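One structure below.
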Amino acid sequence: MKIKKYTASSMPAAMKQVREELGGDAVILNSRIIHFGGVFGLFRKKGIEVLAAVDPIQEHSAGSAKVNDKITISKSAARITKDQQIPEEKESKILQEISELKVLMRTQTETGRPVSILPNPLQTLAAFLKKQEIDSKIREELLASVLGTWYRTGANASASEVENWAKEAIEKRLSGMSYGGVSFKKKYVNVIGPTGVGKTTTLAKIAAECVLNHQKKVAFITTDTYRIGAIEQLKTYANILGVPIEVCYSKEDFKGAADKFHEYDVVLIDTAGRNFRDRKYVDDLKQIIDFDREMETFLVLSLTAKQLDMEEICKQFSLVPIDKFIFTKTDETSVYGALINLPEKFSRGIAYLSNGQDVPDDLLSAEPAQIAKLLFGDGKDGSS
């Protein structure tokens with residue numbers, strides 16, 4: 001991508017310069033009014049500054065032989081294969097151009113303008129990431145990563161290759177945090193979250209996984225004394241799985257139940273679903289549950305919720321030590337940006353993804369590769 005700045009007295013004059021030097025395939029990235037000349041700020045002339053770009057491969061095919069030494073990548077550099085080494089000088093030009101493009105992508109992303117500076121396959125990727133509601137800064141950095149691979153491996157990659165590069169970039173980005181389900185390093189597993197996200201059903205799925213797949217001795221504690229139906233639902237799951245359950249109304253009840261289950265491998269704790277905007281709910285949790293015990297806490301969020309609401313939920317529960325997220329209702333949405341945005345914003349990984357109501361089947365242990373696949377639509381059936 002050759003990028004160059006032009007100044008002229010008018011837009012037609014600037015366009016003439018662009019066409020003469022870059023050809024008819026050039027794209028105008030940005031334009032602004034400027035003033036120049038004059039004395040002590042007086043008698044200045046009005047002009048225009050234009051930032052234009054052209055794909056060097058398109059430029060070559062059109063017969064142009066002009067080169068911008070500062071930031072142009074030559075055709076030979078753009079077509080380097082994976083098995084070839086990039087000369088140091090050309091590598092420097094590639095890095096310099098990527099840096100220039102990152103600045104331009106940031107400007108266009110923040111203003112909501114199309115990222116027209118990118119090659120067509122990457123423009124398609126940019127539109128897809130935006131549709132998935134991935135935060136603008138993350139989109140910019142993912143596109144910069146894919147753009148670097150584009151120039152290093154040949155500028156004629158297919159759409160599927162570009163998608164694979166994007167998946168790899170996402171996996172790498174997510175890999176710095178902890179993922180996966182119950183670790184069995186801590187005895188107590190606490191599931192918290194707002195009303196309507198499916199905490200009780202999710203807890204039953206986790207219990208089934210622990211009993212059936214890991215042969216663990218499991219018990220239930222519920223503090224959800226606000227909804228009789230929730231207690232009965234959990235008792236039904238407990239009977240099916242053959243595990244005991246205790247209902248707790250106070251921290252003393254909780255301590256008693258915890259002592260009763262001291263010989264069990266895993267004690268799963270269900271909590272009441274309340275309005276997350278009510279700070280008293282979080283305070284009530286701390287009055288009932290002894291968070292000083294050896295405990296792993298998962299915050300359950302529904303992917304059908306707005307991201308701003310999910311962020312508010314995370315902030316509201318900030319007084320509670322949260323280890324990982326659980327995202328439910330992955331089968332009820334086609335937008336998965338929150339799976340990338342929230343872990344990065346709150347520095348927490350993901351334990352599980354829930355993709356249906358069936359117990360115990362509709363529960364996936366979250367991994368970066370699984371999230372990347374789900375984002376691009378090839379992991380929605382629970383396959384890995």
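Numbers below:
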{"item": "Scope the range 174-191; condition crowded, with 19+ Cβ neighbours inside 10 Å and out of contact with any Gly (no Cβ under 6 Å at 6 or more places or on another chain); matching residues", "result": "Leu174, Gly181, Val182, Tyr188, Val189, Asn190, Val191"}
{"item": "Number of positions in the range 322-362 that are without any contact (Cβ under 8 Å) to a residue 60 or more places away in the chain and at positive phi", "result": "1"}
{"item": "Residue selected from the range 154-173 under the condition crowded, with 16+ Cβ neighbours inside 10 Å and touching a Ser or Thr at 6+ places or on another chain (Cβ under 7 Å), by the criterion farthest from Ala366 (Cα to Cα)", "result": "Trp165"}
{"item": "One residue from Glu133, Glu97, Glu140 being among the acidic types (Asp, Glu), modelled with pLDDT of 75 or more and either buried (at least 18 other Cβ atoms within 10 Å of the Cβ) or touching a strand residue (DSSP E or B) at 6+ places or on another chain (Cβ under 7 Å) (or both)", "result": "Glu140"}
{"item": "Top-ranked residue in the range 289-316 [being in a loop (DSSP other than H, G, I, E, B) and modelled with pLDDT of 85 or more; ranked as surrounded by the most Cβ atoms within 10 Å (Cβ to Cβ)]", "result": "Leu303"}
{"item": "Cβ pairs under 7 Å, 6+ apart, first in the range 247-263 and open to solvent by 90 Å² or more (accessible area, probe 1.4 Å) and in a helix (DSSP H, G or I), second at pLDDT 90 or above and charged (D, E, K, R)", "result": "Lys260/Glu246"}
{"item": "Residue check for Glu246: farther than 25 Å from Glu311 by Cα, touching a Leu at 6+ places or on another chain (Cβ under 7 Å), at pLDDT 90 or above and not hydrophobic (A, V, I, L, M, F, W, C)", "result": "no"}
{"item": "Residue in the range 347-369 that is least open to solvent (accessible area, probe 1.4 Å), counting only those that are modelled with pLDDT under 90 and charged (D, E, K, R)", "result": "Asp362"}
{"item": "Residue in the range 370-384 that is surrounded by the fewest Cβ atoms within 10 Å (Cβ to Cβ), counting only those that are modelled with pLDDT under 85 and not small (Gly, Ala, Ser)", "result": "Asp381"}
{"item": "Sole exception among (1) of a type in the set (Val, Ile, Thr); (2) in a loop (DSSP other than H, G, I, E, B); (3) surrounded by 16 or more Cβ atoms within 10 Å (Cβ to Cβ) for Ile340, by number", "result": "(2)"}
{"item": "Given (1) at pLDDT 90 or above; (2) assigned to a helix (DSSP H, G or I), index of the condition Val182 fails", "result": "(2)"}
{"item": "Test set (1) without any contact (Cβ under 8 Å) to a residue 12 or more places away in the chain; (2) in a helix (DSSP H, G or I); (3) closer than 30 Å to Gly242 by Cβ - Gln215 fails condition number", "result": "(2)"}
{"item": "Number of the condition not met by Leu319 [criteria: (1) in contact with a helix residue (DSSP H, G or I) (Cβ under 6 Å, 6 or more places away or on another chain); (2) within 23 Å of Lys130 (Cβ to Cβ); (3) aliphatic (A, V, I, L, M); (4) free of Cβ contacts under 8 Å to residues at least 40 places away in the same chain]", "result": "(2)"}
{"item": "Lone qualifier among Lys235, Lys205, Lys286 - being open to solvent by 50 Å² or more (accessible area, probe 1.4 Å), modelled with pLDDT of 85 or more and not small (Gly, Ala, Ser)", "result": "Lys235"}
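The values are calculated or read from the model by the stated rules, or taken from the named source; none is laboratory data. Everything quoted here is computed from the prediction, not taken from an experiment. Virtual Cβ from ideal backbone geometry, glycine too; neighbours counted across all protein chains shown. Heads up: the accessible areas ignore ligands, DNA and RNA and are worked out on the full protein's heavy atoms, side chains in. Shrake-Rupley method; radii C 1.70, N 1.55, O 1.52, S 1.80 Å.
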